[in-house]
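Everything on this sheet refers to the single structure shown next.
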Amino acid sequence: PTPSNTYGKITASTSTIKVGGSYKTLTLKLYDADNNEITDTTIADLTRNDFVWTCSCDGIDLTNSDKVTWLSGSGINQAKIKFADDRSYLNKILVIKCVVDGIETIEEFELIGT
């Protein structure tokens, strides 16, 4: 079982996602209570299906909507996300969540223009 003091961070090249832009790679990294990265040892026995990625904006789940397209990343702890060219979402916050092994990680990304 994963210790309850384990936490995650979702990282990307920037804290923004371009509306109508290309794919953004998201990486989930896991840390212990002493802030040591433990991703590799924690996910060693997991598969890509153990990582559940979701997203929402203004409290509305967009995970399986026509606004978001998901692809698998190169690592099992990675996902790629692309946001549709819907200008009504400009400057809003996209909340991305990943749950793995009982650890829930949430990060916010600003939706910007291309």
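Each reported figure results from applying straightforward, stated rules to the coordinates on display, with no laboratory input. None of these values were measured; they are calculated from a predicted model. Positions of Cβ are generated from backbone atoms using ideal geometry, with glycine treated the same way; all protein chains shown enter the neighbour counts.
Here the sum of -39500 (n - 2.57) over DSSP H runs of 4 or more residues, divided by the residues of the chain, equals -500 deg cm²/dmol at 222 nm, to the nearest 500. Charges were assigned to the Cβ only: +1 to each Lys and Arg, -1 to each Asp and Glu. The resulting dipole of the chain about its Cα centre is roughly 500 debye. Projecting the Cα atoms of Asn35, Tyr7, Ser72 onto the dipole axis of the chain, where Lys and Arg carry +1 and Asp and Glu carry -1 at the beta carbon, places Ser72 farthest toward the positive end. The smallest convex shape that holds all Cα atoms of region 69-114, its convex hull, gives 82 Å³ per residue.
How big is D for the chain, in µm² s⁻¹ as a whole number, if Stokes-Einstein is applied with the Kirkwood radius of its Cα pairs at 25 °C and 0.890 mPa s?
169
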